[in-house]
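One structure is given here, and the rest of the page talks about it.
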Amino acid sequence: MSNSENIGKLSLKGELSVSDAENIKNVMLKILKEFSIVYVNFSLLEDLDSSIIQLLYALCIQSKKENKKIIFEGSFSPNVKKRFYTSGLISKSNLDDEIIIDQISEKIRNVS
């Protein structure tokens, strides 16, 4: 987390699954409470399951309720690309990182 200009940063790391979900949820809620803009970085994320994708949706829904902004950034491992593709967040599993960010941003932010 960071406090520069009321900007928070959340870096997702390793292989995240349902066993990590409660901890990640608590961190997400804390960071959203403290900052008006939150960057979520995927560069160190090796894999994730559907529970973590659901938390990303929930984070975006909560940010809308609180008039805060979520910005996705970073690069994506092949496993993360595959999970995003099978979950319907992106249109192809071999997209460039910038296109992935655009597609997941569009889908997740339009859920509420």
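Where helices (runs of 4 or more DSSP H) fall wholly inside the stretch 1-101, the ranges with 1 or more residues that are closer than 17 Å to VAL111 by Cα are 50-65, 78-86. Listed conditions (1) over 10 Å from the mean Cα position of the chain (by Cα); (2) within 17 Å of LEU95 (Cα to Cα); (3) not aliphatic (A, V, I, L, M) are all met by SER51, apart from (2).
Taking the conditions (1) in contact (Cβ under 8 Å) with a residue 12 or more places away in the chain; (2) more than 19 Å from SER17 (Cβ to Cβ) in turn, LYS92 satisfies each one other than (1). Take VAL27 and tell me if it is surrounded by fewer than 19 Cβ atoms within 10 Å (Cβ to Cβ) and more than 23 Å from LYS68 (Cα to Cα). The answer is no for VAL27.
The single residue among LEU10, LEU32, LEU48, LEU16 that is crowded, with 16+ Cβ neighbours inside 10 Å and modelled with pLDDT under 95 turns out to be LEU32.
Whether a residue is buried (at least 17 other Cβ atoms within 10 Å of the Cβ), without any contact (Cβ under 8 Å) to a residue 60 or more places away in the chain and touching a Gly at 6+ places or on another chain (Cβ under 8 Å) was assessed, and LEU55 does not pass this test. Scan the stretch 64-81 for residues that are crowded, with 20+ Cβ neighbours inside 10 Å and under 12 Å from MET28 (Cβ atoms) and the total you get is 1.
The values are calculated or read from the model by the stated rules, or taken from the named source; none is laboratory data. Computed from a predicted structure; not experimentally measured. Using ideal geometry, Cβ is built from the backbone for each residue, glycine included, and neighbour counts are taken over all protein chains shown.
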